[in-house]
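A.B. asks: First, the structure itself, so that you have it in front of you.
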Amino acid sequence: MKRIAGYLLILVLTKTFVFGQVNETPSVSRQLLINDFNTFIEYLEETHPDPYSSYGGLPEFKRKAQGLRNMITDNTTVEQLREMMREFISVLNDGHTIISGNGQAEATQGYLPLQLSIAADGIFISETDKNHIQYRGGFLESVNDIPIDSLLNKVRQIRSTENRYGIYWELCNLLSSKEGYGLLFSDSGKIKLALKFTNKESEFVYLDFVPEPDWIKQPSTVRLNNDNNLLYKQILVNNNQSVGYFVWNGMYSREMVEDVAKNNPAYLDMNLNSMYQSTMKVPRPDDDRQAIEGIPALYPTFSKLLETMKEQKSDYLIIDLRHNGGGMTPLCHPLLYMLYGDKYLNYDCKAEYNRRLSRLQLKKWGLDSIQQYNTGNKTNFLTGDFIFGYFFGSLNAKPVEEKRKDLSLITYNNGIGSEYTKDLNGKPIHEPVVIVLTSPRTFSAAYHFTYLLSQIGKTYIAGVPSRQAGNTFMETTNFELPNTKISGSISNSYQMFFPDDLEKGKVLMPDFTMNWTDFAKYDFDSNAEILFVLDLLKNDLAQQNRGN
């Protein structure tokens, strides 16, 4: 069967956590709200791989949908409908089926003057404004006298998450603004936090939300050559060791945008805006060519790093995915070939990846009908059928000599990056021990990269678990409702990475987990995970493995 370009297209929508009714969308009649809600339910039933099981079956799905529809009144606002829909899909435990924010981030009524971060055992304060610096490092035990575990249960009822670390993630987001806080608490007064400290007595803290926190950014003791916010490399000197370091903050790159400019120019503007605003977080040049060239290139960066490591006999490579929320999984294929050569090409992946065919899915591929898909692929699918398969599954039977020439394996999108891989002839540029840094921000395609690294080579995972589950729904199919303009995405696939280990399929625990006390050891440095790993590398990493 002909492969669809961008087989593992994993797009992560940027969430804007705004919940209030400031700058409210113009009112929409009850009937139009109901019409949009009905359209959303139709999309969900047609597109999602399994929209019913989490509700207890089709009758219970319908019972909840009908009950929600009956709650829509003449006084219901667009924002209230948005929240009702979010609560409805929270049952799915699916991080790729989401309702987007309203795009009015500036409308917030106030921010918490503390930045919350996540350790393996809970939430702590990583940064503060200038008026609350004494609370930096505090471990959050309760909010308004409600224990964190009880709050996590409440978050699960209003946000779709895949594991405990996704719930932590959503709780941090909700507490960060007065609007999100209002979804958890009816009290509009001061927020009361119970904080535990390593160097002083626990205490209760009473705080107001503030319009613009004056953040105190603590400098990191790790000096990084960060000339952009997307991807970069360097060699870290650690106790006379040369340690390779590669950071990738989104599964995107110049190569990907060049491909969009060539093959899908209608989407170029959207991609450039997203890259600069959400990922690189710098102003976008007006000229498209200049904007494209301002995005760092993935393959020369990674290739040069491996060559330098080989010259310096560097045995360890840290791949930092702590801030990588996903993107394009196939971008990592050439990286795996540079690292592992034939070991990657001969990897017999047992992970299932099954995609459902729907109206929205066909539209995403630029197709008008299932007949058009069948004609192009010599198949006889019906709308609603699944394309069942495996990661790399259709290529496992090929001889390795053929795989070395297969552009779908050794390049991005059948040719991009070939100058860095075509002459390898199955030999890696350099094969170090890899340590992947993860956090709850690590999601979607970044989880795929982590998984593949852990399966193919000698790899350790360090830090805090990803909020992405291995056995779950996957991939985004975007929608926009016609009357309210509420938008979001619905998963169109499901993956099964750990069929024999359901717990691991829910939470991929690092080999070296970092609890609150581990972050405290490094004074809650923003790069505490790097310091943690460098300390491990001063000794024999394998002997230091603490397991789960």
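The values are calculated or read from the model by the stated rules, or taken from the named source; none is laboratory data. Note that the coordinates shown come from a computational prediction; the quantities given were computed from them, not determined experimentally. Glycine gets a Cβ as well: all are built from the backbone with ideal geometry, and neighbour counts include every protein chain shown. For accessibility, only protein heavy atoms count, side chains too; no ligands or nucleic acids. Shrake-Rupley method; radii C 1.70, N 1.55, O 1.52, S 1.80 Å.
A.B. asks: Got the relative contact order for region 237-339 handy, in percent, Cα pairs under 8 Å and 6 or more residues apart? Don't skip to the answer; put the middle values down first.
C.D. replies: Working: 101 pairs, mean separation 52.4, N = 103.
Once normalised by length, the contact order is 51 percent.
A.B. asks: Among DSSP beta bridges whose residues both lie in region 429-500, state the antiparallel percentage, nearest 5.
C.D. replies: 60
A.B. asks: Calculate, for region 77-141, the solvent-accessible area per residue in square angstrom, rolling a 1.4 angstrom probe over the heavy atoms of the protein chains.
C.D. replies: 30
A.B. asks: Using mean Cβ contacts within 10 Å as the protection proxy, how do 366-375, 109-118 order, highest first?
C.D. replies: 109-118, 366-375
A.B. asks: Normalised by the residues of the chain, what does the relative contact order come to in percent, with Cα pairs under 8 Å and at least six apart?
C.D. replies: Computed over the chain, the figure is 20 percent.
A.B. asks: Restricting the count to DSSP beta bridges whose residues both fall in the chain, what percent are antiparallel, rounded to a multiple of 5?
C.D. replies: 75
A.B. asks: Please compute P(r) over all alpha-carbon pairs of the chain, binned at 10 Å starting from zero, and give each bin as a whole-number percent.
C.D. replies: Calculated P(r), rounded to whole percents: 3, 17, 27, 28, 17, 6, 1, 0.
A.B. asks: Ok, one more. Sorted by packing (mean other beta-carbon atoms within 10 Å per residue), highest first, where do 485-495, 463-473 land?
C.D. replies: Ranking, from highest mean packing down: 463-473, 485-495.
A.B. asks: Excluding same-chain residues fewer than 8 positions from residue 233, which aspartates and glutamates have a Cα within less than 13 Å of its Cα?
C.D. replies: Those aspartates and glutamates meeting the cut-off are 307, 320.
A.B. asks: If you don't mind, another one. Over region 145-214, what is the relative contact order in percent, taking alpha-carbon pairs closer than 8 angstrom and at least six residues apart?
C.D. replies: For region 145-214, the relative contact order is 22 percent.
A.B. asks: Then there is this: What does the charge dipole of region 436-512 about its Cα centre add up to, to the nearest 20 debye, if the Cβ of each Lys and Arg holds +1 and the Cβ of each Asp and Glu holds -1?
C.D. replies: About 200 debye.
A.B. asks: At what distance in nm do the modelled label points of residue 423 and residue 141 sit from each other, each positioned 7 Å from its Cα along Cα→Cβ?
C.D. replies: 6.3
A.B. asks: Sort 208, 385, 500, 320 by heavy-atom solvent-accessible area, probe 1.4 angstrom, most to least.
C.D. replies: Solvent-accessible surface, decreasing: 500, 208, 385, 320.
A.B. asks: If you don't mind, another one. Using alpha-carbon positions, what is the distance between the centroids of region 350-366 and region 180-208, in Å?
C.D. replies: One Cα centre to the other: 44 Å.
A.B. asks: So if we plug the beta-carbon distance of residue 225 and residue 388 into 1/(1 + (r/R0)^6) with R0 = 51 Å, what FRET efficiency do we get, rounded to 0.05?
C.D. replies: Working: r = 45 Å, r/R0 = 0.87.
After rounding to 0.05, the efficiency reads 0.70.
A.B. asks: A follow-up question, please. Spin-label point model (7 Å from Cα, Cβ direction): what's the residue 58 to residue 239 distance in nm?
C.D. replies: It works out to 6.2 nm between the two label points.
A.B. asks: Rounded to the nearest 500, what is the 222 nm mean residue ellipticity of the chain from helices alone, with -39500 (n - 2.57) per DSSP H run of 4+ residues and division by all residues?
C.D. replies: -9000 deg cm²/dmol
A.B. asks: Here's a follow-up. Could you tally up the Lys pairs in region 423-548 with alpha carbons closer than 20 Å? Skip any pair fewer than 8 positions apart unless they're on separate chains.
C.D. replies: 4
A.B. asks: Which longest uninterrupted range of the chain lacks any GluC sites (Glu not before Pro) assigned by DSSP to a loop state (not H, G, I, E or B) and surrounded by at most 15 other Cβ atoms within 10 Å? Mind dumping the intermediate values first?
C.D. replies: Values: sites that count: 24, 201, 503.
So the longest stretch without any such site is 202-502.
A.B. asks: Test of understanding: express the Cα radius of gyration of region 249-300 as a ratio to 2.2 N^0.38 Å, with N the residue count.
C.D. replies: In units of the globular-protein estimate, region 249-300 measures up at 1.01.
A.B. asks: Cβ neighbours within 10 Å, averaged per peptide: list 323-330, 91-98 in order, most packed at the top.
C.D. replies: The densest-packed peptide leads the list: 323-330, 91-98.
A.B. asks: Can you give the % of DSSP beta bridges in region 338-473 that are antiparallel, to the nearest 5? Walk me through the numbers before you get to the answer.
C.D. replies: Details: 4 of 9 bridges.
So the antiparallel bridges amount to about 45 percent of the total.
A.B. asks: Taking the Cα centroid of region 396-469 and of region 267-295, what is the distance between the two, rounded to the nearest whole Å?
C.D. replies: After rounding, the separation between the Cα centres reads 26 Å.
A.B. asks: So what is the orientation-averaged projected area of region 276-398, using the convex hull of its C-alpha atoms, in nm²?
C.D. replies: Orientation-averaged projected area of the Cα hull: 11.8 nm².
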